[in-house]
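Each remark here refers to the structure printed beneath this line.
Quick note: the coordinates plus some simple rules give every number you see, no bench work behind them. Small disclaimer: the values here were computed from a predicted structure and weren't measured.
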Amino acid sequence: MTNKISYRYRTILFALVMSCNTALIVSGMIIYLHSASKVHFIAQWLGAFITAWPIVFIAILLIAPLVNKLLNLFVEDK
């Protein structure tokens, strides 16, 4: 028997995982493409990620319900 997290935390966990991945990828690409020095890439990337992650997390929490409502207008039910 596995212990699973309650469904009521699904939205928060989704936003947490999605925002982490999004912030890592986007901050990494931006720092890589615009950094003059590749020597300090990791430190710059982590700094940018730490700034971006909370912003993306809150944005997903606020925007996802609106996007779902909009999609419900255009996508049929099962």
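Could you give the angle, 0 to 90 degrees to the nearest 10, between helix 10-34's Cα long axis and the longest principal axis of the Cα atoms of the chain?
Helix 10-34 sits roughly 30 degrees off the main axis of the chain.
For K78, which lysines qualify as cross-link partners when the Cα separation must be under 25 Å and same-chain residues fewer than eight apart are set aside?
Within the straight-line limit of under 25 Å, K78 reaches these lysines: K69.
On a 0 to 90° scale, report how tilted helix 41-74 is relative to the longest principal axis of the chain, with both axes built from alpha carbons and the result rounded to the nearest 10.
20
Of (i) 41; (ii) 64; (iii) 59, which is the value of percent of Cα pairs over 17 Å apart derived from the coordinates here?
Correct label is (iii).
When the chain is treated as a GNM, springs tying every alpha-carbon pair under 10 Å, which of I58, I30, I50 comes out with the largest mean-square fluctuation?
Of I58, I30, I50, the Gaussian network model singles out I30 as fluctuating most.
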